[in-house]
Amino acid sequence: MRKLIVSMNVTLDGFMSGSNCELDWHFQSWNQEMSESLAQQLSNADTILMGRITYKAMAQYWASSVSDPFFPREDLPFADMMNTHSKIVFSKTLKKANWNNSKLINGNIEFEIAQLKYQQGKDMIVYGSGQLVSTLIPLDLVDEYQVWIHPVILGNGNALFKNLHDQIKMKLLGARTFSSGVVRLNYSVRS
Amino acid sequence: MRKVKLQMQMSVDGFVGRPNGDLDWIIWQWDDPLKNYVTDLMNSIDLIIIGRKLAEGFIPYWEEAAANSSHPEYTGAQKLAGTPKLVFSNTLEKSPWKNAKIAKHNVVDEIVELRTQAGKDIIVYGGADFVSNLVKENLIDEYHLFINPSAIGEGLSIFNSVNQRKNLNLEKVTAFNCGIVVIMYKPISA
């Protein structure tokens, strides 16, 4: 069965974004080394799950990258994967998803994810999509976490892990340090 | 100058205890390299600073363990019990414990003065409220955070007093076979 992986940037105090949805702290500690690692990670998956807000931002950005002569060359392999991987968009309000290889789903999320896991293929990865992730986690639908811990404390914000019915026990798979000060911890969820 | 070092157990989501203080999510089966890491830290210090609430459990526990040669952590207990402690309290005037004094001044003044004194480094193990104040007042020189492989969703924080974004310098990451990753940060000097 293929796995569902959540890859998320968080602050040291566990927030995905600030209390006003600030994400600017991402950029101060993001570097090329991390982009390459992210591309490596994406090549092990063939499906990207996302919520409406992330879908809209990403569809516009990545779809236009192929025709943009100023788009950074080193990001082109990543852009290519974003455009060709299968995208599953979870939204109750979006009417259609036109980005190449996208599929819109508005049904029961537990059922839909179970179906996806049983399909043949590589792993599925969730990028951004804070609301979707907050739905998936308490339903125990996540198999692996890749938590990118940035060297910053915000004091308050939107937590990655919330509304848990119980502690999530994990197994450490690995730790990687980036020169920008980010540590990525990989965990599988213990059942 | 003496450094103030924080050694603290933390969940993946950044908590140091459950809402009621429970620590049942922490891994205590440390492998030898992690034990050595802790011993090295312990050998680098000659003073423990501690909040009154934690002191009430911490000091008697290690006193008792240090008096019992069959205790599994007898050696560490000897060191912890034998190290002088400075307890920060708003209510206690006099220390009821061995090897412990009550701080006379507020925590900022006290630590500023301690840092200038001769000696080895200073360590703090908690509790959450006490450390939260140290973090806010920029009094920690080294953060040794023991990240445990669990998310607990809610709980006690050492970061919730921070009201202005705080960036840190990543110094060192060590992953241990027992599942704990120790991340060491230093503050960014102004």
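Answer with yes or no whether B:Thr91 is free of Cβ contacts under 8 Å to residues at least 60 places away in the same chain and more than 20 Å from B:Ile123 (Cα to Cα). So that I can check it myself, show each step before the final result.
Details: free of Cβ contacts under 8 Å to residues at least 60 places away in the same chain: yes; more than 20 Å from B:Ile123 (Cα to Cα): yes.
The answer is yes for B:Thr91.
Counting only residues that are among the polar types (S, T, N, Q) and under 21 Å from B:Val107 (Cβ atoms), which one in the stretch B:134-186 is modelled with the highest pLDDT? Going through the qualifying residues, I end up with B:Ser157. With respect to the conditions (1) more than 9 Å from chain A (Cβ to nearest Cβ); (2) farther than 30 Å from A:Pro138 by Cβ; (3) at pLDDT 95 or above, B:Ser189 lacks only one, and its number is (3).
Can you name every residue in the stretch A:132-182 that is of a type in the set (Ser, Thr, Tyr), more than 7 Å from chain B (Cβ to nearest Cβ) and not in a loop (DSSP other than H, G, I, E, B)? Give the steps one after another, and end with the answer.
Residues of the stretch A:132-182 that are of a type in the set (Ser, Thr, Tyr), as a first pass: A:134-135, A:145, A:177, A:179-180.
Right, trim to more than 7 Å from chain B (Cβ to nearest Cβ) and you get A:134-135, A:145, A:179-180.
A:Ser134, A:Thr135, A:Tyr145, listed by residue number.
Report yes if B:Asp46 is in a loop (DSSP other than H, G, I, E, B) and among the charged types (D, E, K, R), otherwise no. Break it down into steps so the answer makes sense when it comes.
On the way: in a loop (DSSP other than H, G, I, E, B): no; among the charged types (D, E, K, R): yes.
For B:Asp46, the condition - in a loop (DSSP other than H, G, I, E, B) and among the charged types (D, E, K, R) - is not met.
In summary, B:Trp97 fulfils each of the numbered conditions (1) away from chain A (no Cβ under 14 Å); (2) of a type in the set (Phe, Trp, Tyr); (3) crowded, with 21+ Cβ neighbours inside 10 Å; (4) part of a loop (DSSP other than H, G, I, E, B) with the single exception of condition (3). Selection within the stretch B:13-40: residues that are of a type in the set (Asp, Glu) and in a helix (DSSP H, G or I). The member of this set that is farthest from the other protein chains (Cβ to nearest Cβ) is B:Asp40.
Taking the stretch B:110-190 as the region of interest, the strands (runs of 3 or more DSSP E) fully inside it that hold 2 or more residues being farther than 24 Å from A:Phe178 by Cβ are B:121-124. State whether one or more residues within the stretch A:121-131 are assigned to a helix (DSSP H, G or I) and more than 10 Å from every other protein chain (Cβ to nearest Cβ). Yes: one or more hits. Scan the stretch B:59-66 and tell me whether some residue there is away from chain A (no Cβ under 14 Å) and in a loop (DSSP other than H, G, I, E, B). Taking every residue of the stretch B:59-66 in turn, none turns out to be away from chain A (no Cβ under 14 Å) and in a loop (DSSP other than H, G, I, E, B).
The values are calculated or read from the model by the stated rules, or taken from the named source; none is laboratory data. Just so it is clear, the structure is predicted and the values come from calculations on it, not from any experiment. Heads up, the Cβs are rebuilt from the backbone with ideal geometry, glycines too, and the neighbour counts pull from every protein chain shown.
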